[in-house]
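These notes are about the structure you will find just below.
The values are calculated or read from the model by the stated rules, or taken from the named source; none is laboratory data. Predicted, not measured: the structure shown is a model, and the values here were computed from it. We place every Cβ from the backbone using ideal geometry, glycine too, and count neighbours over all the protein chains shown. Note: areas computed on protein heavy atoms with side chains; ligands, DNA, RNA excluded. Shrake-Rupley method; radii C 1.70, N 1.55, O 1.52, S 1.80 Å.
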Amino acid sequence: MKLQINGEVTDKPAVWWDKNSKFVKMIDQTKIPFQVEVFNCPTYRETVQAIKKMIIRGAPSIGAAAAYGLAQAVDEFWDNEDFEDQIRIAYDELLAARPTAVDLKNGLDFIKSDPLTPEGALNRAQFFADRIAEEGLKIGQIGKDLIKSGMNILTHCHTGALALVDNGSALSPIIQAWEEGKRFHVYVDETRPRFQGRMTAWELNQYGIDHTVICDSASGFFISQGNVDLVILGADRVARNGDIANKIGTYNLALISHYHDIPFYTAFPSSTFDSSTPTGKDIEIEQRDSLEVKQALGYSKILNENHVVSLYTENIKFNNPAFDITPNKFITGYITPHGILDKAELEDIMLNL
Ligand code: MRU
């Protein structure tokens, strides 16, 4: 993606391996949209922390970061006598960093699918990351025909280049349709508590795509008023039967769309397939710190920096699940690099990959 970093325009993915320093590097998503900065992870432990703290977000980007992280651990511990123990620890720490996004496990297992050497592990991490970005482009080519001029599209969370190493999942058809000359409008859910909608708005702005940010709780109103023609969003894990785990609030949107007969599509690369999990009920939902609800991170014009403010007084209880499960019966279709699939076709592809 094209970015301006310290005044210089550059083309960077969301996460990459820097050969010279042997650092995993990533665009610091906690700073978007106010600053574009590169975050450095000199060791695999810093890569684990970056994933936990959501410096990198979006299931496929997290998966790529974890794959690079494990390759980094292989390089770090290669000469150690206890190499295998260290790699086991690194694998477990990376896996536990974000439990719902299956791309993370898929990335780690892909690295371990061949005997480990520093060069081999790094090549596989690079391949895994590149394939995600390439599949993002394909998702765009395949999904763009769902979009017609004059439509109002609603999206939730963030699904652009930042979330998918490059190119995007649900945002990819939107971008490609716009670049073909179709003209439409996108409602962007703000996506509390971490406001991933800010990243979506930031990415849509770069293409000049007409959009409006709305509070998550307003989406039902816009749908009920006939102001939404299509819902497209991503997924963090897709069970074999087509149930999806995605950002909290997705289930509400699916139900409302179903009630009002609005097409509801989810778009994702094959790194998000989870053929070993039969249904959504078997997916672990990540529970995040209640501080994410209690506080908000914004940009202070007075301090000229990002700043955390409290939204509540003390002694209040919070509950902060990061994702929810949407059953397959509410999903119109799955936009994948293999085509726009129904749940039977999706299961077939997952089992045959
Ligand atoms: O908690 P996040 O920001 O990592 O969650 C991101 C999402 O839920 C996206 O919708 C998802 O990763 C699918 S699209 C790449």
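Structural remarks
- 0 to 90° range, to nearest 10: angle between helix 197-207 axis and the chain longest Cα axis: 80 degrees
- Projecting the Cα atoms of G226, T200, T250 onto the dipole axis of the chain, where Lys and Arg carry +1 and Asp and Glu carry -1 at the beta carbon, places G226 farthest toward the positive end.
- Shape category assigned to region 97-230 from the gyration tensor of Cα positions, a/c cut at 1.5: prolate
- Comparing A296, A163, A133 in a Gaussian network model of the chain, where Cα atoms under 10 Å apart are tied by springs, the biggest mean-square fluctuation is seen for A296.
- Fraction of accessible area attributable to carbon and sulfur, region 131-213 (%, probe 1.4 Å): 46 percent
- Cα→Cβ-extended label distance, 7 Å offset, between W202 and L255, nm: 3.2 nm
- For the peptides 1-10, 16-25, the ranking by mean Cβ contacts within 10 Å, running from highest to lowest, is 16-25, 1-10.
- Over region 145-352: Kirkwood hydrodynamic radius from C-alpha pairwise inverse distances, Å: 17.8 Å
- Qualifying aspartates and glutamates (Cα of each under 14 Å from Cα of K19; at least 8 residues distant if same chain): D75, E76, E119
- Put simply, the Cα atoms of the chain extend 65, 56, 45 Å along their principal axes, the longest span coming first.
- Evaluated with a Cβ-only charge set (Lys, Arg +1; Asp, Glu -1), region 145-352 carries a dipole of roughly 440 debye about its Cα centre, given to the nearest 20.
- Estimated FRET transfer efficiency when R0 is 35 angstrom, pair V36-D342 (beta carbons, to 0.05): 0.35
- FRET efficiency for T10 and E305, using Cβ-Cβ distance with R0 set to 30 Å, rounded to 0.05: 0.85
- The chain, relative contact order [Cα under 8 Å, separation at least 6], %: 16 percent
- At a probe radius of 1.4 angstrom, the accessible area of the chain per residue rounds to 44 square angstrom.
- Nonlocal amide H pairs with H211, under 5 Å, H built at 1.01 Å: V186
- Length gained on full extension, T117 to I285, computed as 0.36 nm times the residue gap minus the Cα-Cα distance: 57.1 nm.
- Principal-axis tilt of helix 343-352 within the chain, Cα atoms, nearest 10 degrees: 20 degrees
- Distance between modelled label sites at D85 and S21, nm, 7 Å Cα→Cβ extension: 3.1 nm
- Cross-link pairs K31/K53; K247/K281; K247/K329; K281/K329; K25/K247; K52/K294 - those with Cα-Cα distance over 21 Å: K25/K247
- For the chain, the 222 nm mean residue ellipticity estimated from helices alone, with every DSSP H stretch of n ≥ 4 adding -39500 (n - 2.57) and the total spread over all residues, rounds to -11500 deg cm²/dmol.
- The magnitude of the dipole of the chain, with charges of +1 and -1 set on the Cβ of Lys/Arg and Asp/Glu and taken from the Cα centre, is near 960 debye.
- Sorting V15, V36 by solvent-accessible area of protein heavy atoms yields V36, V15, largest first, with a 1.4 Å probe.
- For the chain, the longest principal axis of the Cα atoms and the long axis of helix 250-259 meet at an angle of about 30 degrees.
- Accessible surface ranking for K329, K281, 1.4 angstrom probe, highest first: K281, K329.
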